[in-house]
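Single-structure report; data block below.
The values are calculated or read from the model by the stated rules, or taken from the named source; none is laboratory data. Keep in mind that this is a model prediction, so the values were computed, not measured. Quick reminder, even Gly has a Cβ in these numbers, built from the backbone with ideal geometry, and neighbours come from all protein chains shown. When the accessible area is computed, the model is the full protein with side chains, heavy atoms only, and any ligands, DNA or RNA have been set aside. Shrake-Rupley method; radii C 1.70, N 1.55, O 1.52, S 1.80 Å.
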Amino acid sequence: MKKLISKILNNDAFSNTLASIISIVLGLIVGLVVMVIFNRAGAWPGFLVMLQGGFSDGARGIGQVLYYTTPLILVGLAVGFSFQTGLFNIGVIGQFTIAAYVAIIIGGKLTMPASIHWIVALIGASLAGVIWAAVPGILKAYFRVSEIISCIMMNYIALYLVNQLVHDTHYESTTAMSAYVKKTALMPKLGLDKIFPGSTVNSGLFIAIIVAILVYILLYKTSFGYSLRCCGLNRDASKYAGINETRNIIIVMLISGFIAGLAGGILYLSAITKNYKISELFITEPGYGIPVALLGMSHPIGIIFSSLFIAYIIVGGSLMQGYGFPVETVGIITAVLIYFSAFSLVFKNKVNKFALHFSYKESQKTDSLKNE
Amino acid sequence: MQHITKIFPRIVANDDISFQLKKGEIHALLGENGAGKSTLMSVLFGLYVPDGGRILVEGEEVKISDPHEANRLGIGMVHQHFKLVQVFTALENIVLGVETTRGGVLQMEEAREKVDALSKQYGLLVDLDKKIEDMTVGMQQRVEILKMLYRDSEILVFDEPTAVLTPQEIDELIRIIKDLAAEGKSIIFISHKLDEIQQVANRCTILRKGKFIATVNVAEATNEQLSEMMVGRKVMLQVEKDEPQIGEVALHVEDLVIKAPGLSEKNKVNHVSFDVHKGEIVSIAGIENNGQHEVVMALTGLMPATSGKISLNGEDITDWSVRKRNYKHISHIPEDRHKHGLILDFDLANNFILQSFFTDKFSNHGFLNSQSIQKYSTELIKQYDIRSAKGPDTVVKSMSGGNQQKAILAREMDRSHDLLIAVQPTRGLDVGAIEYIHKQLVRERDNGKAILLISLELDEVMNVSDRILVMFNGEIVANVLPKDVSERDLGLYMLGSKVGA
Ligand SMILES: Nc1ncnc2c1ncn2[C@@H]1O[C@H](COP(=O)(O)OP(=O)(O)OP(=O)(O)O)[C@@H](O)[C@H]1O
Ligand SMILES: [Mg+2]
């Protein structure tokens, strides 16, 4: 029995998960403290509502959690995939934005049968993401320009360009948002609307999960993924091994941009009510890419779970408003939780240390038994 | 240190080791690769918390929970793999963590004066404003030593300091260490080179497989006795080999030129031509930084040749990619195992397939074949006696330095090749392992492979090679047979004060 425990403790996947859970719990405690500071009376009930998250609103609530999870999985994957190969695609925001625009235009302007309209719009969106990611990819691969800087520039270009384009090409002046996309271009529900009535969850969720599995297979099971991880962990050794880094950098950025674009497309094709709002601020969803990837340890399967968690907190947080918390506090508390997620690596080391200690104690016990 | 025990998963790195350092002595620590030397020192330096035992400094029991505590107790350490911030200057690295500030402003001038004084006192020449990444390893090491002295350490630990140095630098270091001991500092000196231990140390403690074996007075022990205590059997310190069966030309280098980077007019490699035949071990001897490094880089494709021609078995490979050269043609044991040789965060199995992961043996329609990778790794580990905690699944970072080197060797020897380029292949290995590697090199030769050995150690060059080339200032200044040349002459060639055939 003890042996089993020590074996589980020393298992990598287990220590990753445990570390993530510890950081979540600590984040929750700090979140509660923040809430007490802001509103003593409402803190506890508000906290409980947040913890209940989607569950407090029945099937619709759960559906909404899954709806928020969908783009988070994809942007988390886009960031995490680039992390694993030693790049930092911070341009997910721009790739997402430009893709959203392309999805809205194809979905709103073109006329096609329902069976293919949304597919065409999604493909268009993904390709827009690819093109937006190609620029920093090429600059990095051939000219050694830091992808972080070029990505940030591409983000701003995307923001202002899309603001202008939406205004000029597909604008609804009464709402100050983009005009509607056609019904034919909306993501199919595949019965999810029956299970979770009233929510906007759609088949995009399945696409996101499938992409996560594909990324996992690509990274860990294929020889190409091996070469990508080599580049991520030691560039000199990859060169020594004859791995073509220039090619890898470009391919990674293209794939990452594709996934980011897919996220943008799926989100803006998810409901007739989801429109692009012209604003000086970036869209919020892709901004979660980095915390989702960190909390999920950049592992595709971990990212699915960290997305679920963060979506859950977002939905729960929005319900806290009913307990006298202004929208801003809700933002602060979710941010606290998410920042704590970045600490999961620290906790991973602690968990490992504890595991070692535990197995050592056990081995000593068995030794002394043998000696007797 | 009394009864120190340190356990890693599935391995007892230190098993009830007691060890005593007298004031002002130089105490050597000797043991096979993975015997637990670095671990014991890391415990002393507060990097690891021991699972048992206690540490006394000047008779008082102390708890050393982190390196700061060690510093406070006057314990300093030069690690086997340096711990310097690459993008900081030497001075910044030296004061890092113990900066003097006044009103929040760094007081670098005071620090500079103190460091200057120390470097004059001990002859530790360092360009204080140079960044670490632009320094040779020898200079980086001097920075590490200054760092210890700057912190007024009284107990100085050197973990394999000579493994990365040229023979000239080693003499220099030994002089410095002796000076430090004469000043009353106590020194722990880890090395696999018995001659060095004989030269510097007063006493020597021997570890084997995590256990304490003995502490002896160096003056009363011979090299043979020391190595026998350490390995547990007799070791051949001389290489046994027959006359080479020299075949046709395998590697042919013609008029190779490599320009120095930047605007410098001088060539790093200046019109070099040589051959290596099948069944022959040719070594390139020379003092560091005379162009050997660049020759290897050009042969392996890691650096382009400015002009000239390289051919292998009659085929012109000058413009081949690294992968094409790697694949069935050239094996390369690189100079810097952490930079080029290994992916430290990967496990052993993944490191074994570094160059051949895409071949049919290890992958199938683009998918890795984990079964055959696992099987292959288990074989290599067994065949080359690589000691590690979890076999193929051991993360390489957690392995001892010598076993990391063995892993590279296993991979490169086992990959099919016509030419083996071995750069300092025995760096950091214990005498038993060195004996083994040398035997393997000779066996490769006897199998008709061409071998190019680059070594800074005269002993190794004289012992192992069938022919010796000496490089000086980017040119080959001698091409001699070991039996026709004395170590002294070889040294003169290397200094450029003698030019031969
Ligand atoms: N952080 C770690 N985690 C797990 N095992 C470790 C770790 N560090 C060292 N070990 C194991 O402990 C043993 C002793 O290693 P250590 O580095 O002390 O050897 P060493 O005597 O310094 O050898 P070398 O001469 O090769 O440097 C090795 O078997 C090594 O694999
Ligand atoms: Mg060591």
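Can you tell me the order of A:155-161, B:325-331, B:153-159 when each peptide is scored by its average per-residue count of other Cβ atoms within 10 angstrom, highest first? It would help to have the intermediate numbers written out before the result.
Details: A:155-161: 17.3, B:325-331: 20.7, B:153-159: 22.6.
Highest to lowest by the protection proxy: B:153-159, B:325-331, A:155-161.
Apply the Karplus parameterisation 6.51 cos²θ - 1.76 cosθ + 1.60, with θ equal to phi minus 60°, to every residue of the range B:265-271 and state each ³J(HN,Hα) to the nearest whole Hz, in sequence, with x for glycine and proline.
Calculated HN-Hα couplings, in order: 7, 6, 8, 5, 10, 10, 6 Hz.
Partner chain Cβ atoms within 10 Å, averaged over the residues of B:314-324 - can you pull that number for me?
That works out to 1 on average.
Could you work out how far helix A:12-38 tilts from the main Cα principal axis of chain A, as a 0 to 90 degree angle to the nearest 10?
Value to nearest ten degrees: 70.
Sorting A:115, A:318, A:178 by accessible area (1.4 Å probe), largest first, what list results?
Values: A:115 85, A:318 60, A:178 5 Å².
Descending order: A:115, A:318, A:178.
Let me check I've understood the local charge: for residue B:255, count other residues with C-beta under 15 angstrom from its C-beta, Lys and Arg +1, Asp and Glu -1. What total comes out?
Numbers: positive: B:259, B:268, B:309; negative: B:254, B:275, B:294, B:316, B:475.
Neighbour charge sum, excluding residue B:255 itself: -2.
Find, to one decimal place in angstroms, the Kirkwood hydrodynamic radius of the protein assembly as shown, where the mean of 1/r is taken over every pair of different Cα atoms and then inverted. Before the final figure, lay out each step's value.
Working: mean 1/r = 0.0324 Å⁻¹.
Every distinct Cα pair counted, the radius reaches 30.9 Å.
Under the definition of Cα pairs under 8 Å and six or more residues apart, what whole-number percent is the relative contact order of the range B:2-231?
Across the range B:2-231, relative contact order equals 30 percent.
Roughly how many Å² of residue A:268 are accessible to a 1.4 Å probe, to the nearest 10?
10
Using amide H atoms built 1.01 Å from N in the peptide plane, name the residues 5+ places from residue B:303, or on other chains, whose amide H lies under 5 Å from its own.
Close amide H contacts, sequence-distant or interchain: B:298.
Which cross-chain or sequence-distant (5 or more) residues have an amide H under 5 Å from the amide H of residue B:239, H modelled 1.01 Å from N in plane?
Placed amide hydrogens put nothing under 5 Å from residue B:239.
For residue A:209 and residue A:171, FRET efficiency with R0 = 25 Å and r from the beta-carbon atoms, rounded to 0.05? Kindly include the intermediate steps, with their values, before the conclusion.
Details: r = 34 Å, r/R0 = 1.37.
The computed FRET efficiency comes out at 0.15.
Skipping prolines and chain starts, which residues have an amide H placed within reach, meaning under 5 Å, of the one on residue B:78, given they are 5 or more residues away or on another chain?
So residue B:78 has HN proximity to B:157, B:158, B:159.
Could you check the simple spin-label distance between residue A:29 and residue A:149, using points 7 Å along Cα→Cβ, in nm with one decimal?
About 4.3 nm separates the two model spin labels.
What's the FRET efficiency of residue A:183 with residue A:282 using the Cβ-Cβ distance as r and R₀ = 35 Å, to the nearest 0.05?
Values: r = 28 Å, r/R0 = 0.81.
FRET efficiency, residue A:183 to residue A:282: 0.80.
Is it possible to state the helix-based mean residue ellipticity at 222 nm for chain B, with each DSSP H run of 4+ residues giving -39500 (n - 2.57), the sum divided by total residues, to the nearest 500 deg cm²/dmol? What is it? Can you show the working numbers first?
Numbers: 16 runs with 160 residues, N = 501.
It comes out at -9500 deg cm²/dmol, rounded to the nearest 500.
Return, ordered by residue number, the residues of the range B:272-311 whose backbone nitrogen is under 15 Å from a label point located 7 Å along Cα→Cβ of residue B:242.
Counting backbone N atoms under 15 Å from the label point, the list is B:279-280.
In whole Hz, what ³J(HN,Hα) sequence does the range A:171-184 give by Karplus (6.51, -1.76, 1.60; θ = phi - 60°), x for Gly and Pro?
10, 10, 5, 5, 9, 6, 10, 5, 6, 5, 8, 6, 4, 5
How much of the accessible area of chain A, probe 1.4 Å, is carbon plus sulfur, in whole percent? The partial results should precede the final answer.
Numbers: 11640 of 16580 Å².
That fraction is 70 percent.
The range B:70-163: percent of C-alpha pairs farther apart than 23 Å? Walk me through the intermediate numbers first.
On the way: 803 of 4371 pairs.
Of all Cα-Cα pairs in the range B:70-163, 18 percent lie more than 23 Å apart.
Equivalent ellipsoid semi-axes for the range B:3-46, as square roots of 5 times the alpha carbon gyration tensor eigenvalues: give them largest first, rounded to whole Å. All intermediate terms of the calculation are to be shown ahead of the outcome.
Details: eigenvalues 82, 27, 16 Å².
They are 20, 12, 9 Å, listed from largest to smallest.
Just round it to a whole percent: the fraction of Cα-Cα distances in the range B:2-231 exceeding 34 Å.
Numbers: 3777 of 26335 pairs.
Above the 34 Å cut-off, the range B:2-231 has 14 percent of its Cα pairs.
What list of ³J(HN,Hα) values in whole Hz, one per residue of the range A:248-256 in order, does the Karplus curve 6.51 cos²θ - 1.76 cosθ + 1.60 (θ = phi - 60°) give from phi, with Gly and Pro shown as x?
Listing the rounded values in order: 4, 4, 5, 4, 4, 5, 5, 5, 4 Hz.
At a 1.4 Å probe, which residues in the range A:227-245 are at least 30 Å² less accessible with all protein chains present than in their chain isolated?
Listed in order, they are A:229, A:230, A:233, A:234, A:236, A:237, A:239, A:240, A:241, A:242.
Can you give the average number of partner chain beta-carbon atoms within 10 Å of each beta-carbon in peptide B:7-19, as a whole number? List each step's numbers first, then the result.
Working: counts 7, 3, 8, 3, 0, 2, 0, 0, 0, 0, 0, 0, 0.
Per residue, the average neighbour count from other chains is 2.
Counting only protein heavy atoms and a 1.4 Å probe, tell me what percentage of chain B's accessible area is made up of carbon and sulfur.
On the way: 10800 of 21650 Å².
Reported share for carbon and sulfur atoms: 50 percent.
Taking the 0 to 90 degree range and rounding to the nearest ten, how far is the long axis of helix A:147-169 tilted relative to the main principal axis of chain A, both from C-alpha atoms?
For helix A:147-169, the angle is close to 30 degrees.
Quick one: if the Förster radius is 30 Å, what FRET efficiency do residue B:273 and residue B:414 give, using the C-beta to C-beta distance and rounding to 0.05? Please report the intermediate quantities before stating the final value.
Numbers: r = 31 Å, r/R0 = 1.03.
E(calc), rounded to 0.05, equals 0.45.
Using a cut-off of 12 Å between beta-carbons, work out the net charge of the residues near residue B:233 (Lys and Arg +1, Asp and Glu -1, residue B:233 not included).
Details: positive: B:208, B:234; negative: B:32, B:224, B:228, B:435.
Counting the neighbours of residue B:233, the net charge comes to -2.
For chain B, what does the relative contact order come out to in percent, with C-alpha contacts under 8 Å and a separation of six or more?
Working: 975 pairs, mean separation 81.8, N = 501.
With pairs under 8 Å counted, the relative contact order is 16 percent.
Counting protein heavy atoms only and a 1.4 angstrom probe, how many square angstrom of accessible surface do chains B and A bury in total, to the nearest 100? Can you show the working numbers first?
Working: alone 22690 and 17800 Å², together 38230 Å².
Separately minus together, B and A give about 2300 Å² buried.
Note down the relative contact order for the range B:165-276 as a percent, whole number, built from C-alpha pairs under 8 angstrom at least six residues apart.
It comes to 14 percent, rounded to a whole number.
For residue B:96, what is the net charge nearby, where nearby means another residue's Cβ is under 13 Å from its Cβ and Lys, Arg count +1, Asp, Glu -1?
On the way: positive: B:83, B:147, B:151; negative: B:92, B:99, B:144.
In short, 0.
Determine, at each q value in 0.17, 0.21, 0.28 (inverse angstroms), the log₁₀ of I(q)/I(0) that the Debye formula gives when each Cα of the range B:343-416 is one equal point scatterer.
Ignoring solvent entirely, the Cα scatterers give -0.56, -0.85, -1.42.
Could you work out the mean projected area of the convex hull around the alpha carbons of chain B, in square nanometres to one decimal?
On the way: hull surface 102.3 nm².
Averaging across all directions leaves 25.6 nm² for the Cα convex hull.
Using only Cα atoms, find the angle between the long axis of helix A:344-371 and the longest principal axis of chain A, and express it within 0 to 90 degrees, rounded to the nearest 10.
The two axes meet at around 30 degrees.
Can you give the alpha-carbon Rg of chain A over 2.2 N^0.38 Å, where N counts its residues? Before the final figure, lay out the partial values.
Working: Rg = 22.6 Å, N = 372, 2.2 N^0.38 = 20.9 Å.
Working it through for chain A, the quotient is 1.08.
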